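Contents: one structure, followed by commentary.
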Ligand code: ADP
Ligand code: GLC
C-alpha cells in the first residue's frame, strides 16, 4: 500500500475557482484502493459553504512560527465520497470572500499553508510515501520538506510530485520580503533555486525540489519547454525535462453525466441524444430570452474571462460570428473588458446572444447539455476541462490546437468520417472564423454527419480511469 497525500489550494465540492479544483476533488476517487490510500489537504476557507463546514470534525490544533509570528493551526477532517479530506483552519489567512486576493497576501497565506499542512501530518496520523503538490500555492512544500521536515517517524523519505496546472501563475514576490515571510535561509534564494529575474518564485522552488514534475497534457509538457509557452521558465523546464511528463486530465463521469444530471431539463445518452438533447436547448432559449428554435445553431462558452482563453480573437470577429443563423450563450466572470464586451453583444443582438456574467455550476451543466457547439479558442491551455465536459454532453468543441485542446479534440475529417470536433492551428481571428463557419455549414448542411460527430464525441472516454492509472504508474516508479 502506498500513501499519497495531495496538498492543494482548491478542490470540489468545497472550493473552486477553476479546473484545478475539479482535478483535485475528483482524481483521488479513481485510484485503486487496494494499492493506494490517497488523501487531500486543503485550506479551510471561511467562504466554504456552511453545508460542508458543518460536516467537518475538529481533530486538533497547535501553533507554528511563521516569520516572527506564532500562528494558530486548526486541523479538521471530512470524508467525502470515500476520500478523506483534511482542512487547515486559520481565519486570519483564510478569511475573505474568495480563496485568492492580492499577491502579497497570497504569498504569506500559502507560506503559512505549506508549513501548516506539513506540520499537521502527525495530527492526521498518515505518513505519506509521496506528497503530490499542485501549482504555485504548494510550491514551497518540496522546499520545506528538504529544509526542515526531513526526519523522524512521519517525515523521513517522503518523495514529491508537483503538477503544473498553469505555468502562467508562479507566486512571484519581492525577494527580501519573501525570505522574511517564509523563514527560509538566503541559501535558497539564488537563481538555481527560488530566485528568478530578481524576485522570489514559489513555483520555481517546487519545480526545482520536487522529485517529479508533471503537467496536465503531453502537448503542454512539450510547449512549456519553449519560450512562447514557457512563461520565462522554459529554461528550467528544459533542465528538468528528464523528470517532466504530461498526464492528460479526466473529468468526473458521475458529476458530468447527461444520463443522470439533475441540473438539466432532459436526460439523454449516446443512443437517445437525437430525440432528447434539443429539449435542453429549447428550455434554455426560453429561460434566457433567446428566440426559441430547436434548429438554430447554439454555441456555448463557459469560462474564466481572461486573455488565456482567446477572447481577443472573439472580440475581433464577434459581429461576424453573430450571424442571423447563430445563437450564443456565454457564462463567465473575469476581466471587465470581456464582461462588458459580452454585455454589449447581448444588448446589440438581444434575441441571439445571452451574456451571463456570473458563476453557476447549475447553469454550466445546462449549457454543456443544451448547445450544439462549444467555442474555446485558447491562446494556451494546459489541459482544459470545459471541452471534455462538452464532449461528454455531445456538444461539439471548436478549439485552437494548443495544449490539452490539441490532445483531446480530434478534428473532423469529412473524407474519412472521423473526428470529435473542429480545430484551427494559428492564433488568428479569421482562421477561427473560417473553422467556425465550416462547423456551422456541417451543422446546417449535413445533419447526419453532424450527428455522427456528436456520437463520436460522446464515445470518447475522458473519464479518470486511464489517467489515474498513469499517475499510479508514476507513483510506483518513484
Ligand atoms: P481553467 O481551469 O483554466 O479555468 P478548465 O477548462 O480546466 O479551465 O476548467 C474550468 C472549470 O470551471 C470548468 O469546470 C468550468 O465548467 C468551470 N467554470 C468556469 N467558469 C464558470 C462559471 N462562470 N460558472 C460555472 N462554472 C464555470
Ligand atoms: C488550469 C488550466 C486548465 C486545466 C486546469 C486543471 O486552470 O488553465 O487548462 O484544465 O488547470 O488542470
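The values are calculated or read from the model by the stated rules, or taken from the named source; none is laboratory data. Please read all numbers here as calculations on a predicted model, not as lab measurements. Every residue, glycine as well, gets a Cβ built from its backbone with ideal geometry; the counts of neighbours run over all protein chains shown.
Brief remarks on what is shown
- For residue 391, the requirement of being within 25 Å of residue 263 (Cβ to Cβ) and out of contact with any strand residue (DSSP E or B) (no Cβ under 9 Å at 6 or more places or on another chain) is not met.
- Count of residues meeting criterion [within 17 Å of the chain's Cα centre (by Cα) and either free of Cβ contacts under 8 Å to residues at least 40 places away in the same chain or within 22 Å of residue 471 (Cβ to Cβ) (or both)] in the range 158-184: 7
- Residue in the range 384-399 that is away from ligand 2 (no atom under 16 Å from the Cβ), buried (at least 21 other Cβ atoms within 10 Å of the Cβ), over 17 Å from the mean Cα position of the chain (by Cα) and at positive phi present: yes
- Only listed residue being touching a strand residue (DSSP E or B) at 6+ places or on another chain (Cβ under 6 Å), assigned by TED's automatic domain parsing to the domain that holds residue 200 and closer than 25 Å to residue 205 by Cβ, chosen from 48, 15, 7: 7
- Residue ID - farthest from residue 165 (Cα to Cα), chosen from residues in the range 222-239 that are within 16 Å of ligand 1 (Cβ to nearest atom) and surrounded by 23 or more Cβ atoms within 10 Å (Cβ to Cβ): 223
- Counting only strands (runs of 3 or more DSSP E) that fall entirely inside the range 6-115 and contain at least 2 residues that are within 16 Å of ligand 2 (Cβ to nearest atom) and touching a helix residue (DSSP H, G or I) at 6+ places or on another chain (Cβ under 9 Å), the qualifying elements are 36-43.
- If the condition is being in contact with a helix residue (DSSP H, G or I) (Cβ under 8 Å, 6 or more places away or on another chain) and surrounded by fewer than 18 Cβ atoms within 10 Å (Cβ to Cβ), then the range 412-423 contributes 414, 417, 418.
- Residue satisfying condition, being in contact (Cβ under 8 Å) with a residue 24 or more places away in the chain and crowded, with 23+ Cβ neighbours inside 10 Å, within set 80, 86, 100: 86
- Pairing each residue of the range 292-318 that is within 16 Å of residue 400 (Cα to Cα) with any residue that is part of a helix (DSSP H, G or I) and within 16 Å of ligand 1 (Cβ to nearest atom), provided the two are 6+ apart or on different chains, yields C-beta distances under 6 Å for 300/367; 302/364; 302/367; 302/386; 303/309; 311/338; 315/341.
- From the options 335, 401, 381, residue that is assigned by TED's automatic domain parsing to the domain that holds residue 428 and out of contact with any helix residue (DSSP H, G or I) (no Cβ under 8 Å at 6 or more places or on another chain): 401
- Test: residue in the range 312-326 that is modelled with pLDDT of 95 or more and buried (at least 24 other Cβ atoms within 10 Å of the Cβ): no
- Scanning the range 351-376 for residues being near ligand 1 (Cβ under 8 Å from one of its atoms), within 23 Å of residue 276 (Cα to Cα) and surrounded by 22 or more Cβ atoms within 10 Å (Cβ to Cβ) gives a total of 1.
- Some residue of the range 169-185 being in contact with a strand residue (DSSP E or B) (Cβ under 6 Å, 6 or more places away or on another chain) and within 22 Å of residue 42 (Cβ to Cβ): yes
Results for (1) under 25 Å from the mean Cα position of the chain (by Cα); (2) closer than 30 Å to residue 129 by Cβ, shown as yes or no for each residue.
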site	(1), (2)
199	no, no
213	yes, yes
230	yes, no
239	no, yes
244	yes, yes
256	yes, no
273	no, no
277	no, no
285	no, no
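- Some residue of the range 121-136 being under 22 Å from residue 20 (Cα atoms) and assigned to a helix (DSSP H, G or I): yes
- Annotation note: of 124, 162, 130, the sole residue that is farther than 27 Å from residue 215 by Cβ and in contact with a strand residue (DSSP E or B) (Cβ under 6 Å, 6 or more places away or on another chain) is 124.
- The range 164-179 - residue that is in a loop (DSSP other than H, G, I, E, B) and within 16 Å of ligand 1 (Cβ to nearest atom) and, of those, nearest to residue 246 (Cα to Cα): 165
- Scanning the range 400-411 for residues that are part of a loop (DSSP other than H, G, I, E, B) and crowded, with 24+ Cβ neighbours inside 10 Å yields 402, 409.
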